[in-house]
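The values are calculated or read from the model by the stated rules, or taken from the named source; none is laboratory data. Everything numeric in this text was worked out from a predicted model, so none of it was measured. Quick reminder, even Gly has a Cβ in these numbers, built from the backbone with ideal geometry, and neighbours come from all protein chains shown. Heavy atoms of the whole protein, side chains included, go into the accessibility calculation; ligands, DNA and RNA do not. Shrake-Rupley method; radii C 1.70, N 1.55, O 1.52, S 1.80 Å.
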Amino acid sequence: MSAVVRELWGKYPSFLKLRGSKTLLDLVEHLPNHGAGVRVAPSVWHQRGKQHSWYEVDRIEYNAETNKSEVFGLKVVEGVRSAQVARIGTAFTNNWRFYTAPDETRALERKLGVESA
């Protein structure tokens, strides 16, 4: 993917200078409906090879009195979806990213003509 970024935006694109580590709340709080329906995954899952695992954000609950938040969602592990919405306990500890299915990534690479080996 880095080859695609360099081809489209040059050798040193400015958006790469942004803070790399984001909590889940940092990632989704500015999206419409506070990220409801967005697929996200901790970066560590990707690094460990869990390509078909993610959380689908259901809602974010803010507590104005304590100035704390909780994130709730459905957990999907290796394509198996959990039965009910639950609190995402690691929402504020891990480095998070938006989930993109490996098939979608390969299709994009083919369209751009930068298929990896």
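So what are the radius of gyration and Dmax for the Cα set of the chain, in Å?
Cα radius of gyration and Dmax of the chain are 16.1, 53 Å respectively.
Mind ranking F98, F72 by accessible surface for me, highest first, 1.4 Å probe?
The ranking, largest first, comes out as F98, F72.
Helix 102-112: angle to the longest alpha-carbon principal axis of the chain, degrees 0 to 90, nearest 10?
The angle comes out at about 40 degrees.
At a 1.4 Å probe, what is the % contribution of carbon and sulfur to the accessible area of the chain?
In the chain, the share of accessible area belonging to carbon and sulfur is 51 percent.
With n ≥ 4 as the cut-off for DSSP H runs, can you work out [θ] at 222 nm for the chain, using -39500 (n - 2.57) per run divided by the number of residues, rounded to the nearest 500?
Taking each H run of at least 4 residues, the total per residue is -6500 deg cm²/dmol.
List the GluC sites (Glu not before Pro) within the range 86-117 that fall in a DSSP loop (any state other than H, G, I, E or B) and whose Cβ has at most 14 other Cβ atoms within 10 Å.
E115
Go through R97, R6, R59 and list them by solvent-accessible area, largest first, probe radius 1.4 Å.
Solvent-accessible surface, decreasing: R6, R59, R97.
How large is the accessible surface of Y55 in square angstrom, using a 1.4 angstrom probe and rounding to the nearest 10?
So the heavy atoms of Y55 present about 30 Å² to solvent.
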